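Laboratory data are not the source of any read-out in this text; all were calculated from the coordinates shown. Values in this document were obtained by computation on a predicted structure and should not be read as measured data. Counting neighbours? That spans all protein chains shown, and the Cβs are built from the backbone with ideal geometry, glycine included.
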Amino acid sequence: MSLTKVSLSNVVLKQYRYKLKAYTGVFMALMVVQVIGILLSIAGGGSGSFSNNVYTLDVTVSSSSLVIVLTMIWAFMNAILMTTKSYREDDFTFVSNRLSYNLSNMVFLLTACIIGAATALLSTGVIRILFYLIHDVDIFLTLTYQVAIGDYFAGALATLLYILLAATAGYLVGMMTQFNKRLIILLPVILVGLNYVVQSNANPGFVNILKFYFMEYSFTVFLLKAIVTILIGSGLAILLSNRLEVR
């Protein structure tokens with residue numbers, strides 16, 4: 001019998017450090033996804049043209065919105081992968097339990113999402129530079145609006161929360177599919193069906209759920225919604241994980 005008392009925080013920290021070193025493929029995938037997003041943003045940015053008898057003005061709008069969306073998809077998919085059996089077996093090398101396993105996963109996902117949000121926001125400058133270098137333009141103007149530093153911080157935090165919401169949803173879905181394997185088949189059908197519902201606007205209830213998160217104009221209210229949803233989703237995932245251990 002060991003006389004060494006190991007605290008939960010120490011176990012979580014060891015597992016977290018291990019995952020930072022072992023799961024480098026997560027960050028490589030992030031790099032690939034964001035490069036694809038940058039290239040698509042350059043090729044498919046919104047544009048318009050205005051002309052008169054004197055001159056013609058071509059306007060192209062570029063932003064990092066597509067990069068952020070792809071980063072959310074990356075967070076969702078990687079959160080699902082972390083719940084699979086092969087990833088769970090990696091934690092058997094530590095003296096741990098399901099709680100430390102889930103907490104270390106969530107801390108790792110938080111770190112990955114912070115990195116993903118930061119690089120997605122920084123991609124705006126990269127998109128503008130590449131657009132200037134690739135396209136043949138005589139005059140390149142960048143409109144800069146006077147935005148307070150608090151607004152920049154709020155935008156960055158909102159981006160992080162959206163990515164965290166995607167990661168939380170992926171982690172919960174991953175635990176659900178591990179708990180019931182039949183959901184692996186049903187999940188793609190559900191996603192396709194939801195995509196049809198959104199496009200056809202046939203179900204206002206589901207659309208209202210999307211508006212609940214994506215159309216909130218009060219940052220404080222959105223912050224509260226996101227944090228509560230993340231906490232509830234994480235708690236449900238931990239409960240499912242405990243049931244999975246019994247099974």
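Quick check on packing: order 18-25, 227-234, 169-176 by the mean number of other C-beta atoms within 10 Å, highest mean leading. Walk me through the numbers before you get to the answer.
Working: 18-25: 13.8, 227-234: 15.2, 169-176: 22.8.
Output ranking for 18-25, 227-234, 169-176: 169-176, 227-234, 18-25.
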Approximate spin-label separation L99-A43, in nm, with each point projected 7 Å along Cα-to-Cβ = 5.0
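Order 71-79, 214-222 from most to least packed using the mean count of other Cβ atoms within 10 Å. Write down the numbers at each step before the final one.
Values: 71-79: 23.1, 214-222: 11.4.
Sorting 71-79, 214-222 by mean packing, highest first, produces 71-79, 214-222.
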